[in-house]
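Worksheet for the structure shown next.
The values are calculated or read from the model by the stated rules, or taken from the named source; none is laboratory data. No experiment lies behind these values; they were computed from the predicted model shown. Using ideal geometry, Cβ is built from the backbone for each residue, glycine included, and neighbour counts are taken over all protein chains shown.
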Amino acid sequence: MVQEFKKVGVVGLGTMGAGIVEVFARAGFSVTGVEIDDGALDRGRGHLEKSLGRALSKQKITEEEHGAILGRLTFTTSREELADADFVVEAVPERIDIKRDVFTDLDRICPPGTILATNTSSLSVTEIAALTNRPDKVVGLHFFNPAPVMKLAEIVGTVLTTPGTIEVASEVAKRIGKTPVVVTDRAGFVANALLVPYINDAVKAYEYKYASREEIDASVTKAAGFPMGPLTLADLVGLDVCLAVMDVLWEEFREPRYVAAPLLRRMVAAGLLGRKSGRGFYDYSGADNPPEE
Ligand code: 3HC
């Protein structure tokens, strides 16, 4: 069935969405990427083309494959173009009002059999499913950053998702080279419930001046062989995303270990979101900013 998909839609072309488009297109699917306006569309397309260009220059793909991948891509600002999509992944900002707008639209536009997947990391998939008239066909398909590289895809089922939907989503994940893990709709699912409190603990260690940011990061990379330390990872994931995950974990479980580090909250309030804003625990803007105190 998945082999017969003629069109996959991806709504939202931020860092995650652009990476998700790339993953589907490289696996041979025709993909339509949708953004809200031309500026956002150009940014998403630029991100994707840069990533594909890197793969080409590293000889991970041939000129021919590069051309074929680009040929499978369509970009639009009109969600109506998903009227014939077989499978849609939503990767818009983590706000329920934005998700509501997208999912009510997709529910109206897409054929009744189309599965609507959300890449949400901090909202309830059940709540999103309930925005539609097809909650049985709504599923979480949670990617990890950078989406083209990280192998896990969490398949998040709700009390309303049918086994058939989970099965298709798992098959899709395998077809795009990911390892699907089926999880239930609980705050943080599984991976983020483990990873983000660990990042939060590192922020507290930094805030309490246990060590410098570099030393905290080295304590993990050099001790446990992780590819990057927790503060570098926070900058990659986005401090706003980390905070949102901590807040839903706290909201759902009310355990002290899920209280967000005050510094994390302050940095988000200050717009220091990590790589995407140019500055987080480290500086990516080229300016000589001091580390956060
Ligand atoms: N897009 C596409 N490819 C990328 C990339 C990106 N943004 N960043 C790195 N890559 C590719 C490189 O092209 C390279 O590919 P190659 O091996 O085929 O040549 C490969 O990844 C390794 O990259 P580099 O050599 O440049 O750098 P590193 O070896 O340091 O790897 C990393 C970078 C893959 C990001 C690695 O440091 C890593 O795995 N870090 C941990 C990431 C992680 O834990 N992610 C999960 C975060 S939690 C999350 O996302 C949850 C969500 O809900 C927020």
Have a look at A218, A193, A223, A211 and point out the one that is small (G, A, S) and surrounded by 18 or more Cβ atoms within 10 Å (Cβ to Cβ). A193
Quick check on my filter: what residues within segment 120-130 are assigned to a loop (DSSP other than H, G, I, E, B) and more than 16 Å from the ligand (Cβ to nearest atom)? A130
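So that you can scan it fast, the table gives a plain yes or no per residue for (1) away from the ligand (no atom under 14 Å from the Cβ); (2) more than 14 Å from E94 (Cβ to Cβ); (3) assigned by TED's automatic domain parsing to the domain that holds V268:
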site	(1), (2), (3)
N200	no, yes, yes
R213	yes, yes, yes
A224	no, yes, yes
A234	no, yes, yes
L243	no, no, yes
V248	no, no, yes
Would a scan of segment 283-292 turn up a residue that is farther than 15 Å from F144 by Cα, more than 16 Å from the ligand (Cβ to nearest atom) and modelled with pLDDT of 95 or more? yes
Looking only at segment 257-276, decide whether some residue is over 17 Å from A202 (Cβ atoms) and at pLDDT below 95. yes
Go over the candidates N133, N145 one by one and state the one that is more than 11 Å from the ligand (Cβ to nearest atom) and surrounded by fewer than 24 Cβ atoms within 10 Å (Cβ to Cβ). N133
Residue list for segment 260-273, filter: in contact (Cβ under 8 Å) with a residue 40 or more places away in the chain and surrounded by 14 or more Cβ atoms within 10 Å (Cβ to Cβ): A260, A261, L263, L264
Could you look through segment 70-86, keep only residues that are of a type in the set (S, T, N, Q) and in contact with a helix residue (DSSP H, G or I) (Cβ under 9 Å, 6 or more places away or on another chain), and pick out the one that is farthest from G28 (Cα to Cα)? T77
Which of the numbered conditions does A187 fail, given that it passes all the others? Conditions: (1) in contact with a strand residue (DSSP E or B) (Cβ under 9 Å, 6 or more places away or on another chain); (2) in contact (Cβ under 8 Å) with a residue 12 or more places away in the chain. (1)
Could you tell me which of the residues V182, V168, V159 is under 30 Å from G113 (Cβ atoms), in contact (Cβ under 8 Å) with a residue 60 or more places away in the chain, surrounded by fewer than 23 Cβ atoms within 10 Å (Cβ to Cβ) and more than 14 Å from the ligand (Cβ to nearest atom)? V168
Looking only at helices (runs of 4 or more DSSP H) that lie completely in segment 9-119, which have at least 3 residues being over 18 Å from the mean Cα position of the chain (by Cα) and within 13 Å of the ligand (Cβ to nearest atom)? 38-57
